[in-house]
Amino acid sequence: MIEKILEIQNLTVSFDDFKALNNLNFSMDIGELRLIIGPNGAGKTTFLDVLTGKVQPTKGKVLFRGKSLIKTPEYKIACMGIGRKFQTPRVYLNLTVRENLDLVINSHKGVIATLFRKVPTAETRSVVGLLRTIGLIGKANIKAAFLSHGEKQRLEIGMLVAQSPDLLLIDEPVAGLTDEETENIGSILLNLASSHSIIVIEHDMEFVRQIAERVTVLHQGSVLCEGTMDEVQNDPRVREVYLGVSE
Ligand code: ADP
Ligand code: MG
C-alpha cells in the first residue's frame, strides 16, 4: 500500500453557526504535488490553518503520516514536518539572502527540533544547495530589501525548504508576480516535488496548468471534485461555481 502523507475524514470547522469546512474528505500520497483551487471563501486557507494547528477542527479526523494532528500545538506540528509559506514574504530585509537562509538552518538545529524530530526524513540542505534550488546563487550577498517581489517569494520558499519539512503548504505563491517570475516559481516547485510532498493553493489557472498533476476543487467547505486539470475544467459542477474564471 502506498503510504499516505495526509488522510482527512469528515473534517468540519465551525465559526459560530458558519461551517468554513464541512465534512471535507481528502487524501494525498507521499511525494504528491497537489493543487487546491476554489472560489473565494471556499475554505482553502482554513484547510491549511487546520493542517498547521492554527485552527482546531470541530469534528473529523486529520492524519499526517498516520499520526493524528488533532489538538497538536502548532510548534509541534512544525517539528513533525509540516511547513507553511504565507502569501506575503516574511524575510528579514536587512539581512542578505545567504544570512536569511543561514538563520533558518541554524535555528532548526536547536533543542526543540532535536527533541521532536526523531528521524530527519528530508536531507539536510546546505545553503549553497538551497541557493541553487531557488535560483539566487548570484544574489547570495545582496540584502533581501533589494530583491524583487518574485525573488523574495523564491527566498521564502528557500527558507521554508531549509526547515526540511516533509509536507510544504504554499498559499498563492504567484499572486502579483510577472509571467516570468510565475514560471520560475513553477519550475522551483516542480523541482522540489521530487523530494517533498507539496500542497499549493492558487488562483492563477495558467500556473495551475503549468505544474498540476492532480487538482482538488474546494467549494463551500467541501471537495467538489478532483482530477487532472482537464478533468476538473470540464466538470460541469466546476464550470458552474467558476463561471468565467476557468474558461
Ligand atoms: P478561502 O481561502 O478559500 O478564500 P477561507 O478559508 O479564508 O476561504 O474562508 C472560508 C470561510 O470561512 C469564509 O467565508 C470566511 O469568511 C470564513 N472564516 C474564515 N476564518 C474565519 C474566522 N476566524 N471567523 C469567522 N469566519 C471565518
Ligand atoms: Mg485564502
For the chain, what's the relative contact order in percent, using C-alpha pairs closer than 8 Å and at least 6 residues apart?
27 percent
Among His149, Asn234, Phe64, the residue whose Cα sits farthest towards the positive end of the charge dipole of the chain (+1 at Cβ of Lys and Arg, -1 at Cβ of Asp and Glu, taken about the Cα centre) is Phe64
Kindly flag which residue pairs out of Lys4/Lys143; Lys4/Lys139; Lys44/Lys143; Lys4/Lys44 have an alpha-carbon separation exceeding 30 Å in this structure.
Lys4/Lys143; Lys4/Lys139; Lys44/Lys143
Residues whose placed amide H lies under 5 Å from that of Thr96, excluding near-sequence neighbours:
Ala144
In deg cm²/dmol, rounded to 500, what helix-only [θ] at 222 nm does the chain give when every DSSP H run of at least 4 residues adds -39500 (n - 2.57) and the total is split over its residues?
-9500 deg cm²/dmol
Would you please give the residues with an amide H less than 5 Å from that of Ser222, counting only those at least 5 places away or on a separate chain, with H modeled from the backbone geometry?
Asn22
Restricting to Cα pairs below 8 Å that are 6+ residues apart, what does the relative contact order work out to for the range 147-247? Please round to a whole percent.
20 percent
Ser195 to Thr58: FRET efficiency via 1/(1 + (r/R0)^6), r the Cβ-Cβ distance, R0 45 Å, to the nearest 0.05?
0.85
With θ set to phi - 60° and the Karplus curve 6.51 cos²θ - 1.76 cosθ + 1.60, what are the ³J(HN,Hα) couplings of the range 138-154 in order, to the nearest whole Hz, using x for Gly and Pro?
x, 10, 4, 9, 9, 5, 4, 4, 8, 7, 6, 4, x, 5, 5, 4, 5
Net charge (Lys, Arg +1; Asp, Glu -1) of residues whose beta-carbon lies under 14 Å from that of Leu63, Leu63 excluded, is +1
Dipole magnitude of the chain about its Cα centre (Cβ charges: Lys, Arg +1; Asp, Glu -1), debye to nearest 20
1220 debye
Give a residue-ordered list of calculated ³J(HN,Hα) values for the range 89-99 (Karplus: 6.51 cos²θ - 1.76 cosθ + 1.60, θ = phi - 60°; whole Hz; x for Gly, Pro).
x, 10, 9, 7, 5, 7, 9, 6, 4, 4, 5
How high is the FRET efficiency between Gln9 and Asn40 when r is their beta carbon distance and R₀ equals 35 Å, given to the nearest 0.05?
0.85
Note, the range 49-56: 3J(HN,Hα) by Karplus (6.51, -1.76, 1.60, θ = phi - 60°), whole Hz, Gly/Pro = x, goes 4, 5, 5, 9, x, 6, 10, 8
What do you get for Rg/Rh of the chain when both radii come from the Cα atoms and Rh is the Kirkwood radius?
0.96
per DSSP, antiparallel bridges as share of beta bridges in the chain, % nearest 5, sits at 55 percent
Label-point separation, Glu180 to Asn141 (7 Å along Cα→Cβ), nm
2.4 nm
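Every number in this text was worked out from the coordinates using simple rules, so none of it is lab data. Note that the coordinates shown come from a computational prediction; the quantities given were computed from them, not determined experimentally. As a convention, Cβ positions derive from the backbone with ideal geometry for all residues, glycine included, and neighbour counts pool all protein chains shown.
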